[in-house]
Amino acid sequence: MLTMNYTYRIHPNATEQTELLEGMERCRGIYHYALGELKDWIAARQCPADRCSLEKESGGMGAIATGSLLC
């Protein structure tokens, strides 16, 4: 099987370079914002199993039997 690869080059002028750089900067900012939100979300839901309080959980001991224990 023969696979052919193509490379397309762009040659932007100064105005297009500025627009491309601004777009890339926006993408970078959005990516880092989303990454920070994900990191915060994960950190807010961490609960070591040896420190989880059974009294504070909704459902009591029945929640343990059904596997719906949330920390």
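The values are calculated or read from the model by the stated rules, or taken from the named source; none is laboratory data. Remember, it's a predicted structure, so these values are computed and weren't measured experimentally. A quick note on method: Cβ atoms are made from the backbone with ideal geometry, for glycine too, and the neighbour counts reach across all protein chains shown. Quick note on the areas: whole protein, heavy atoms, side chains included, nothing else; ligands and nucleic acids left out. Shrake-Rupley method; radii C 1.70, N 1.55, O 1.52, S 1.80 Å.
Points to keep in mind about this one:
- For region 9-24, Karplus couplings with θ = phi - 60° (6.51, -1.76, 1.60), whole Hz, Gly/Pro x: 9, 10, 10, x, 7, 4, 5, 5, 4, 4, 5, 5, 5, 5, x, 5
- Paramagnetic reach from His32 (point 7 Å along Cα→Cβ, amide N under 14 Å) across region 5-26: 24-26
- Within the assembled protein chains, the solvent-accessible surface assigned to Leu35 is about 80 Å², based on a 1.4 Å probe.
- List His32, His11, ordered by accessible area with a 1.4 Å probe, largest first: His11, His32
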